[in-house]
Amino acid sequence: MAAMLELNDIHVFYGAIHAIQGISLTVREGEIVSLIGANGAGKSTTLNTICGLIRPKNGSITFMGNDITHLSPADIVKLGISQVPEGRRIFTNMTVLENLELGAYKRADKDGIRQDIEDVYKRFPRLKERQRQIAGTLSGGEQQMLAIGRALMARPRLLLMDEPSMGLAPILVKEIFEIIKEINNAGTTILLVEQNAHMALSIANRAYVLETGRIALEGPANELADNPQVQKAYLGG
Amino acid sequence: MAVLLQQLLNGISLGSIYALLALGYTMVYGIINLINFAHGDVYMIGAYIGFIATALLGLGFIPALLLSMAISALLGMAIEKVAYRPLRNSSRIALLITAIGMSLLLEYTTMYIAGPDTRSFPTVLTNRQYSFMSGQVNISSMQLYILVISIMLMILLQFIVQRTKIGKAMRAVSMDKDAAQLMGINVDTTISATFAIGSALAGAAGILVGIYYNSIDPLMGITPGLKAFIAAVFGGIGSIPGAMVGGLLLGMIETLVSGYLNSNYRDAVAFVILIIILLIKPSGLLGKNTGEKV
Ligand SMILES: Nc1ncnc2c1ncn2[C@@H]1O[C@H](COP(=O)(O)OP(=O)(O)OP(=O)(O)O)[C@@H](O)[C@H]1O
Ligand SMILES: [Mg+2]
């Protein structure tokens, strides 16, 4: 399979803090790739750099053959990368429907947008019942579903997800992972950041382990799940 | 009773001017957390454009109003781009000082070009008086114009903010800039549009006041600017309905005070309100509690 996304020796600084210290990674079309690592390892920074919210100091990012290293976040969305950000970051003062409409901000096909809103409602029936409700009044799980639905509204080819299971009850965590698989089966490539390494490795094709801004391990997800180092550090045994 | 009604009518006209101006303060604050002290001067420029359009170009009222709004919008965008955008990641105090500098620049540039003297508008509208309650309550056609135009502009604004794509982008950027960028929203363009809309409203207020009081001068923006800022804080800075309510209330309170107490207290009242609001409910009547304010 062809490489869809390629990060090549990326370095990111926050002032004097060298948060990402030379990351290279690849996501191929159709895959689920997991990125795991401890708090502060640089997972969110990596995703935000891909989206253009943060500029790398060195290195390059290519997506479907385009160099996107210096593109604006808006152009990157337009090329087909969306993110479900850490902490959901839905627009809490706006309605559920308005949040979904904003997800389709770069699109002009009104009929397609309407159709996709219906598709999101089909996937998440609870959002449909609450479409006129202010998003801030949704439960945590519903907010996560809205964040996912909103990202899908851009019709991404590559979906970046930053800890989608954070703060959810175990049953909802299972549901979210089921949804991730469904989205992937429907043809969207996924780069998944997770603290829940067990789940993340169980659904991924491949995975990367990030430690203080560097990639410590990489490989097929099942091999990493069997790796004693990974088991000790991330799988609680 | 008739006196009270008369005062309220006058208060609503004055208040809708404050509301138009307060909207610009509150929208800009909502999106970049800046009290744009140059806003009152955009209103002054709007009045001067109105003067040029009517007295020198001989335009009628509506074309002059539209021209003044358009040029004010461009001015607002230029101010943002030149003075505020380069400082977007600087400290708030740097921004605030820049805004004050921009205000002085506009005032004294106008003074240099147009001279410090007060100028009077030509009569572009026939001013009729309409009387009610056997002549005890009067409303002038000019007051009606102010009222109707302000209300129309506020409805238009609500429509833009609530229903259009750029309005949704403005709300999204106000709430969370990074999340807005992840939607593909261009933050610079959106902030620019916010300045354009707020400044167009200020320009409209400027020409309305110019025609109503029939006099303009380069420093005319200072006091109404301050009052409108107070109105915005009163209503809840960052809140659009708050700015409308705050402006109308402030206008009515001021006219009631000058009608029933003493017109010398009129200006003091606004500041008393500011102090009380800051002490009791800093988030304002319709604002959310969000801690620190400038
Ligand atoms: N805006 C910022 N300014 C300064 N330092 C930052 C900023 N954001 C992140 N960092 C630092 O960069 C490093 C990586 O942070 P990042 O948020 O990418 O980690 P993470 O792997 O996503 O962690 P978590 O699992 O807690 O979400 C950390 O040391 C963090 O303190
Ligand atoms: Mg993170």
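Determine, yes or no, whether B:SER150 is in contact with a strand residue (DSSP E or B) (Cβ under 7 Å, 6 or more places away or on another chain) and touching a residue at least 12 places away in the same chain (Cβ under 8 Å). Against the criterion (in contact with a strand residue (DSSP E or B) (Cβ under 7 Å, 6 or more places away or on another chain) and touching a residue at least 12 places away in the same chain (Cβ under 8 Å)), B:SER150 does not qualify.
If you filter the range A:37-52 down to residues that are in contact with a Leu (Cβ under 7 Å, 6 or more places away or on another chain) and aliphatic (A, V, I, L, M), you find that the one that is surrounded by the fewest Cβ atoms within 10 Å (Cβ to Cβ) is A:ALA41. Within the range A:88-98, the set of residues being in contact with a Leu (Cβ under 6 Å, 6 or more places away or on another chain) and either within 7 Å of chain B (Cβ to nearest Cβ) or assigned to a loop (DSSP other than H, G, I, E, B) (or both) comprises A:ILE90 only. Evaluate the range A:37-60: report whether one residue or more is more than 16 Å from ligand 2 (Cβ to nearest atom), touching a residue at least 60 places away in the same chain (Cβ under 8 Å) and either of a type in the set (Lys, Arg) or assigned to a loop (DSSP other than H, G, I, E, B) (or both). The answer is no; no qualifying residue exists.
Condition first: in a loop (DSSP other than H, G, I, E, B) and surrounded by fewer than 22 Cβ atoms within 10 Å (Cβ to Cβ). Now tell me which residues in the range A:139-162 satisfy that. Within the range A:139-162, A:SER139, A:ARG155, A:PRO156, A:ARG157 meet the criteria. Number of residues in the range A:37-60 that are within 14 Å of ligand 1 (Cβ to nearest atom), in contact with a helix residue (DSSP H, G or I) (Cβ under 6 Å, 6 or more places away or on another chain) and modelled with pLDDT of 95 or more: the value is 4.
The numbered conditions (1) within 11 Å of another protein chain (Cβ to nearest Cβ); (2) in contact with an Asp or Glu (Cβ under 7 Å, 6 or more places away or on another chain); (3) polar (S, T, N, Q) are all true for A:SER82 except (2).
So for the range B:208-216 (the condition being within 14 Å of another protein chain (Cβ to nearest Cβ) and outside any helix (DSSP H, G or I)), does at least one residue qualify? Scanning the range B:208-216 turns up no residue that is within 14 Å of another protein chain (Cβ to nearest Cβ) and outside any helix (DSSP H, G or I).
Just for the range A:4-21: of the residues that are of a type outside the set (Asp, Glu) and loosely packed, with under 15 Cβ neighbours inside 10 Å, which one is farthest from the chain's Cα centre (by Cα)? Walk me through how you get there before you give the answer.
If we filter the range A:4-21 for residues that are of a type outside the set (Asp, Glu), which is where we start, we get A:4-5, A:7-8, A:10-21.
Keeping just the survivors that are loosely packed, with under 15 Cβ neighbours inside 10 Å gives A:14-17.
Working: A:TYR14: 21, A:GLY15: 25, A:ALA16: 27, A:ILE17: 24 Å.
Result: A:ALA16.
Taken over the range A:23-61, residues that are of a type in the set (Ser, Thr, Tyr) and in contact with a Ser or Thr (Cβ under 8 Å, 6 or more places away or on another chain) amount to 1.
Answer with yes or no whether B:GLN143 is more than 25 Å from B:ILE211 (Cα to Cα) and either of a type in the set (D, E, K, R) or within 22 Å of the chain's Cα centre (by Cα) (or both). The answer is no for B:GLN143. Mind checking whether some residue in the range A:91-106 is modelled with pLDDT of 95 or more, within 16 Å of ligand 1 (Cβ to nearest atom) and closer than 18 Å to A:LEU158 by Cα? So far as the range A:91-106 goes, no, none of its residues is modelled with pLDDT of 95 or more, within 16 Å of ligand 1 (Cβ to nearest atom) and closer than 18 Å to A:LEU158 by Cα.
In the range A:1-30, how many residues are assigned to a strand (DSSP E or B) and more than 25 Å from A:ASN222 (Cβ to Cβ)? Working first, answer last.
Narrowing the range A:1-30 to residues assigned to a strand (DSSP E or B): A:3-14, A:17-28.
Going one step further and asking which of them are more than 25 Å from A:ASN222 (Cβ to Cβ), we end up with A:8-14, A:17-22.
Selection size over the range A:1-30: 13.
To keep it simple, each residue is scored yes or no on (1) aromatic (Phe, Trp, Tyr); (2) part of a strand (DSSP E or B); (3) more than 27 Å from A:GLU142 (Cβ to Cβ); (4) more than 9 Å from chain B (Cβ to nearest Cβ).
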| residue | (1), (2), (3), (4) |
| --- | --- |
| A:THR69 | no, no, yes, yes |
| A:GLU86 | no, no, no, yes |
| A:TYR105 | yes, no, no, no |
| A:GLN115 | no, no, no, yes |
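Does A:VAL33 satisfy the condition of being assigned to a strand (DSSP E or B) and either in the same structural domain as A:LEU217 (by TED's automatic domain parsing) or more than 16 Å from ligand 1 (Cβ to nearest atom) (or both)? Step through it out loud before you land on a result.
Numbers: assigned to a strand (DSSP E or B): yes; either in the same structural domain as A:LEU217 (by TED's automatic domain parsing) or more than 16 Å from ligand 1 (Cβ to nearest atom) (or both): yes.
Answer is yes for this residue.
Screening B:GLN143 on (1) in contact with an Asp or Glu (Cβ under 7 Å, 6 or more places away or on another chain); (2) under 30 Å from B:ALA55 (Cβ atoms); (3) surrounded by 15 or more Cβ atoms within 10 Å (Cβ to Cβ) shows it passes everything except condition (1). Of the residues A:ILE203, A:ILE171, the single one that is surrounded by fewer than 19 Cβ atoms within 10 Å (Cβ to Cβ), modelled with pLDDT under 95 and either under 11 Å from the mean Cα position of the chain (by Cα) or of a type in the set (Val, Ile, Thr) (or both) is A:ILE171.
Once the range B:81-94 is narrowed to residues that are modelled with pLDDT under 95 and surrounded by 13 or more Cβ atoms within 10 Å (Cβ to Cβ), the residue that is nearest to B:ILE222 (Cα to Cα) is B:ARG92.
Every residue, every condition in (1) touching a Gly at 6+ places or on another chain (Cβ under 7 Å); (2) within 16 Å of ligand 2 (Cβ to nearest atom); (3) not assigned by TED's automatic domain parsing to the domain that holds A:THR62, yes or no:
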site: A:PRO164; (1), (2), (3): no, yes, no
site: A:GLY167; (1), (2), (3): yes, yes, no
site: A:PRO170; (1), (2), (3): no, no, no
site: A:VAL173; (1), (2), (3): no, no, no
site: A:LEU210; (1), (2), (3): yes, yes, no
site: A:GLY213; (1), (2), (3): yes, yes, no
site: A:GLU218; (1), (2), (3): no, no, no
site: A:ASN222; (1), (2), (3): no, no, no
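How about the range B:41-99: which of its residues are hydrophobic (A, V, I, L, M, F, W, C) and outside any helix (DSSP H, G or I)? Give the steps one after another, and end with the answer.
Initially, the range B:41-99 is screened for residues hydrophobic (A, V, I, L, M, F, W, C), giving B:42, B:44-45, B:47, B:49, B:51-53, B:55-57, B:59, B:61-62, B:64-67, B:69-71, B:73-75, B:77-79, B:82-83, B:87, B:93-97, B:99.
Those that are hydrophobic (A, V, I, L, M, F, W, C) and outside any helix (DSSP H, G or I): B:LEU57, B:LEU59.
Do we find that A:VAL77 is aliphatic (A, V, I, L, M), more than 9 Å from chain B (Cβ to nearest Cβ) and crowded, with 20+ Cβ neighbours inside 10 Å in this structure? It is false that A:VAL77 is aliphatic (A, V, I, L, M), more than 9 Å from chain B (Cβ to nearest Cβ) and crowded, with 20+ Cβ neighbours inside 10 Å.
Among the candidates A:GLN83, A:GLN115, single out the residue that is within 16 Å of ligand 1 (Cβ to nearest atom) and among the polar types (S, T, N, Q).
None of the others qualify; the one that does is A:GLN83.
The values are calculated or read from the model by the stated rules, or taken from the named source; none is laboratory data. Computed from a prediction, not measured in an experiment: that's the story for all the values here. Counting neighbours? That spans all protein chains shown, and the Cβs are built from the backbone with ideal geometry, glycine included.
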